[in-house]
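Colleague: Here you go, one structure.
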Amino acid sequence: MKTKILILVIFLFVGIVCLSQEKLKEAMFYEKADNQMVRCYLCPKNCLVPEGNYGFCRARKNIAGTLYAMGYGKPCSVAVDPMEKKPLFHYLPGSRTFSIASAGCSLRCLFCQNWQISQSTPEQTRNYNLAPEEVANLAKEKNCPVIAYTYSEPVNFYEYMLDTAKIARSRGIKNIMHTAGYINQEPLEKLLPYIDAANVDLKGFSQNYYKNVCGAGLDDVLRTLKIMKKHKIWIEITTLIVPGYNDSEEELKKLCDWIKNNLGSDTPLHFSRFYPVYKLAHITATPYQTLEKAAEIAKRSGLKYVYIGNVYDNPYEDTICPNCGKIIMDRKGFEILKNHIKNGKCEFCGTKIAGVWE
């Protein structure tokens, strides 16, 4: 009798485990290795993950020799945001975005502003249950013409983003991402046909900074940007200026020159103010003069659209016509006060303004 009960308990336990695994999404871009280990090829870290462990990103877990995307359908952050918050200033300005994220990140930025979710696993966060189709339904319901994959690093909820983006595209909804761009070429090429625009964090322009402060590689991000450009994705760049770390004039000039030479002078660049947080809580906030210096370097390098973020109501929130010098998009915070861009051109002098306006 005891043997029968034990067998029944084991059967029920195995059934529950199998049922829970059926609900999980098997990850893409990995291969099985010896001793139930797996090798993940989503990002350049190419993690070898032992059974029962997460990869470096904390978002993909090896369960019994199969790699699962643990954040699939389980966003920990869901919100309706203005496009300007992403920030994307030259892509459908004033649009509402339905924004989602699940936990995890393949970087370890010491200054991370969303470390509570980026440095957690999906099992440690409080999550919503939202399948890709439900995300698209909610975007429609909330009158959002765009879905944004943002907050944490969307590369780490890759399968969720890809499936959602496919459904959204079929329903006429646009897809954008705010990303560090740390991803291998094959998964990037598979994703980009469904992505319309991206704000990419180009965190600095030295390998040492990327390695020691961000836990990633500069060359991998530069490759991503070139591939996005080839696929005609609308790209804007954000660089957080951290005092004493990536604010030298030499490094800033190299960064701006690279953007101009590889992405084009029409690429918008957002310099963002650092505030003390996470593992750099002892560093003072970026002086506004440093941000102005960075903006001037960018303009001297030939970049036409340069912005300063995380500083409310500053002159570099506005879009300036590169020809006549007039304000053609007057902003305060995330609010657009006046729009003088008509049919993609400056209302005053008729110069074409780079971007996607409708």
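Since every read-out is calculated from the coordinates, none of them should be taken as a lab result. Keep in mind the model is a prediction, meaning the values are calculated, not measured. Because the Cβ atoms are built from the backbone with ideal geometry, glycine has one as well, and the counts that use them run over all protein chains shown.
Colleague: Check I328: other-chain or 5+ apart residues with amide H under 5 Å from its amide H, H built from backbone geometry?
Modeller: Long-range HN contacts for I328: T319, I320, C321.
Colleague: So, in nm, how far is label S170 from label D34 when the simple model puts each one 7 Å beyond its Cα toward the Cβ?
Modeller: Reported label-point gap for S170 and D34 is 4.3 nm.
Colleague: A 27 angstrom limit on the alpha carbon distance is what I want to check against. Which of K230/K352; K45/K85; K203/K352; K85/K166; K85/K352; K86/K254 exceed it? Display every interim value, and only then the final one.
Modeller: Working: K230/K352 21 Å; K45/K85 29 Å; K203/K352 29 Å; K85/K166 24 Å; K85/K352 24 Å; K86/K254 24 Å.
Over 27 Å apart, Cα to Cα: K45/K85; K203/K352.
Colleague: Does a label point 7 Å from the Cα of V80, set along Cα-to-beta-carbon, have any residues of the range 121-136 with amide nitrogen under 15 Å, and which are they?
Modeller: 135-136
Colleague: Then there's this: Students often forget the sequence filter, so: which aspartates and glutamates lie under 20 Å Cα-Cα from K140 once same-chain residues fewer than 8 apart are removed?
Modeller: List returned: D81, E84, D163, D196, E358.
Colleague: How do the peptides 119-125, 70-76, 284-290 rank, highest first, by the average count of neighbouring beta carbon atoms within 10 Å per residue?
Modeller: In decreasing order of mean packing, 119-125, 70-76, 284-290 become 70-76, 119-125, 284-290.
Colleague: Another one. Assuming R0 = 41 Å, can you tell me the calculated FRET efficiency for the pair N208 and N53, based on Cβ-Cβ distance, to the nearest 0.05? Could you put the intermediate results ahead of the total?
Modeller: Details: r = 29 Å, r/R0 = 0.70.
Calculated transfer efficiency: 0.90.
Colleague: Taking all pairs of different Cα atoms in the range 132-272, averaging 1/r and flipping that mean, what Kirkwood radius in angstroms comes out?
Modeller: Details: mean 1/r = 0.0632 Å⁻¹.
Here the Kirkwood hydrodynamic radius works out to 15.8 Å.
Colleague: Okay, moving on. For the chain, what's the relative contact order in percent, using C-alpha pairs closer than 8 Å and at least 6 residues apart?
Modeller: On the way: 735 pairs, mean separation 42.4, N = 358.
Rounded, it is 12 percent for the chain.
Colleague: Calculate the length of the line joining the C-alpha centroid of the range 260-322 to that of the range 131-183, in whole Å.
Modeller: Cα centres, the range 260-322 to the range 131-183: 27 Å.
Colleague: Output ³J(HN,Hα) for the range 84-99: one whole-Hz value per residue in order, computed from phi by the Karplus curve 6.51 cos²θ - 1.76 cosθ + 1.60 with θ = phi - 60°, and x for Gly and Pro.
Modeller: 5, 6, 5, x, 10, 9, 10, 10, 6, x, x, 6, 8, 10, 8, 9
Colleague: Give the calculated FRET efficiency between N137 and K23 to the nearest 0.05, with a Förster radius of 30 Å applied to their Cβ-Cβ distance.
Modeller: Values: r = 20 Å, r/R0 = 0.66.
The pair N137/K23 has a calculated efficiency of 0.90.
Colleague: Here is a further query. For R126 paired with E292, estimate the spin-label separation in nm (one decimal), with each label point 7 Å from Cα along the Cα-to-Cβ line.
Modeller: Simple spin-label model gives 4.3 nm for this pair.
Colleague: Taking 0.36 nm per residue of sequence separation and subtracting the Cα-Cα distance, how much length would be gained by fully extending the chain between L337 and Q185, in nm to one decimal?
Modeller: Numbers: separation 152, 0.36 × 152 = 54.72 nm, distance 4.00 nm.
That works out to 50.7 nm of additional length.
Colleague: Show the residues, 5+ positions off or on another chain, whose built amide H is closer than 5 Å to the amide H of A27.
Modeller: L67, Y68, A69
Colleague: If packing is taken as the mean number of other Cβ atoms within 10 Å per residue, what is the order of 175-183, 24-32, highest first?
Modeller: Working: 175-183: 25.1, 24-32: 16.2.
The most tightly packed comes first, giving 175-183, 24-32.
Colleague: For the range 71-130, which trypsin sites (Lys or Arg not before Pro) pass both filters: DSSP loop (anything but H, G, I, E, B) and at most 10 other C-beta atoms within 10 Å? Working shown, then result.
Modeller: Values: sites: K85, R96, R108, R126; in loops: R108, R126.
Those satisfying the criteria are R126.
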